[in-house]
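Laboratory data are not the source of any read-out in this text; all were calculated from the coordinates shown. This structure is a prediction, so every number in the text was calculated from the model and none was measured. Neighbour counts are summed over all protein chains in view; Cβ atoms, including those assigned to glycine, are modelled from backbone coordinates with ideal geometry.
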Amino acid sequence: MKRRDFLKVAVLSPLAFSMASRASAQGKEPAWHEARYYRKSAVQKAAVECWLCPRRCVIPEGDTGFCRARRNAGGKLYSLGYAAPCAVHVDPVEKKPFFNVLPRTYSLSVASAGCNLRCKFCQNWHISQVSPLETRNIPLTPKELVAAALQKDCRSIAYTYTEPTNFYEYMFDTARIARGKGVLNVSHSNGYINQEPLKELCRYMDAVNIDLKGFSSSFYNKLCEGELEPVLETIKTLKRSGVWVEITNLVIPGYNDDLKTITDMCRWICKNAGTDVPVHFSRFHPMYRLTGIPSTPVPTLEKAREAAIGSGIQFAYIGNVPGHPGENTYCPKCRKLLIMRSGYNVLENTLRNGKCPDCATKIGGIWKT
């Protein structure tokens, strides 16, 4: 497929083509791009140490790291998915989900294969749990990606679907260009990234939705093969850097639906990130390697939302339950309905210059560019 044909199919319609299914790579391999954060190993000959995420993988010659997206070739570490997305799609920004960022606008969403966690409940496992060498990819440079966003009047570019950290260099280079063109940069991330690359990225990111998957080390260890603490540090750094933060918590029956734990999580968010950080309690459906349990009961989500509001969270949302009033945005002071939603559709928006029309309370978020 020629590049211009791809743009016609993948970008020119909100229902666009998405190469989200696992398939053998076709044509030549994607162009490799040298990684930004690594060094030669002082212990293991010919190996390199990746410094991008908390795993700090030591990668022998010819091997890839835990994320499957970075390879040691000739003593240099390369990103395999640079300018080689496996999914490109025009989405409502509400789908990321961002509920306090430019409602009723579109975001050009992009992903390259790979992830630095192993979540047993991953909904995009077919592209997150494989290498960029195992997916069908389209050559699309950062400059072309930004041009496509402008062409389709997308107000933002979203780095999403898989874990954006694994295609850090592609995201970083695209974000720099987008910033200069007035296009917002937003991402949905697991937050599993080291502080130095995160701080560099924060210079160009406008909003990040962090998947705070649970609020215990045991949950992260058992279900994600990761650690909780680096994610918490990411949230704090994003807020200190002035990046707008929203948080998604997928509520899984029997694993992270304990109300005390949810309350503790919300209190931590209020103390360390602020009461205006929106928290999305998302409904779990059986997926990937976690298929033996039922979908989250809606009352469980409602109780989680109530616990969040009781803890001081101003904007607590219910996700994956289209038409539920918990999708709406209310003024935290006078409780006026400000934004009415059904799924990803905004039915009504009464905000005036980012303020409540009744009591003039300033509503946290990004309401204009």
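Sparsely packed loop sites in the range 211-306 (the trypsin sites (Lys or Arg not before Pro) outside DSSP H, G, I, E and B with at most 15 other Cβ atoms within 10 Å) comprise R289. Say we join alpha carbon atoms closer than 10 Å with springs in a Gaussian network model of the chain; which of Q123, Q44, Q195 then has the biggest fluctuation? In the Gaussian network model the winner is Q44. Coupling constants for the range 258-265 follow from the phi torsions by the Karplus curve (6.51 cos²θ - 1.76 cosθ + 1.60, θ = phi - 60°), and in residue order they are 5, 5, 5, 5, 5, 5, 4, 4 Hz; glycine and proline get x. What does the C-alpha gyration tensor say about the overall shape of the range 33-79? Classify as rounded when a/c is under 1.5, otherwise prolate if a/b is larger than b/c, or oblate. In terms of gyration-tensor shape, rounded. Summing +1 for each Lys or Arg and -1 for each Asp or Glu among the other residues whose beta-carbon sits under 12 angstrom from that of G365 gives 0. Between Y288 and N345, the modelled label-to-label distance comes to 3.1 nm, taking each label 7 Å out from Cα in the direction of the beta carbon.
Remark: the range 79-89, residue by residue, has Karplus-estimated 3J(HN,Hα) of 7, 7, x, 5, 6, 9, x, 9, 8, 9, 7 Hz, where x stands for each Gly or Pro and the curve is 6.51 cos²θ - 1.76 cosθ + 1.60 at θ = phi - 60°.
Give me the net charge of V101's neighbourhood, meaning all other residues with Cβ under 12 Å from the Cβ of V101; Lys, Arg count +1, Asp, Glu -1. Charge balance near V101 sits at +2. Using 0.36 nm per residue and subtracting the Cα-Cα separation, the extra length available between K45 and R335 on full extension is 98.2 nm.
Against the main long axis of the alpha-carbon atoms of the chain, helix 298-311 sits at an angle near 80°. Of all DSSP-defined beta bridges confined to the chain, some 50% are antiparallel rather than parallel. Of the residues S79, C53, V43, the one whose Cα sits farthest toward the positive end of the charge dipole of the range 33-79, with +1 on the Cβ of Lys and Arg and -1 on the Cβ of Asp and Glu, is C53.
Computed from Cα positions, the angle between helix 229-240 and the longest principal axis of the chain comes to roughly 70 degrees. Using C-alpha pairs under 8 Å with a sequence gap of at least 6, the mean separation divided by the residue count of the chain gives a relative contact order of 13 percent.
For labels at E229 and C359 in the simple 7 Å Cα→Cβ model, what's the distance in nm? Reported label-point gap for E229 and C359 is 4.0 nm.
The long axis of helix 142-151 is offset from the longest Cα principal axis of the chain by roughly 40 degrees. Computed from label points 7 Å out along Cα-Cβ, the spacing between N221 and K120 is 1.4 nm.
Taking amide H as placed 1.01 Å from N in the peptide plane, H280 has its amide H under 5 Å from the amide H of I247, T248, N249, Y317, each at least 5 places away in sequence or on another chain. Can you give me the Cα centroid spacing of the range 49-92 and the range 297-348 in angstrom? Distance between centres, Cα-based: 37 Å. Of the chymotrypsin sites (Phe, Trp or Tyr not before Pro) found in the range 305-369, none is in coil by DSSP with at most 13 other Cβ atoms within 10 Å of its Cβ.
Just checking the listed ones, T174, T162, T141: in the Gaussian network model of the chain with Cα springs under 10 Å, the one fluctuating most is T141. Net charge dipole, the chain: roughly 600 debye, given to the nearest 20, about the Cα centre with Cβ charges of +1 for Lys and Arg and -1 for Asp and Glu.
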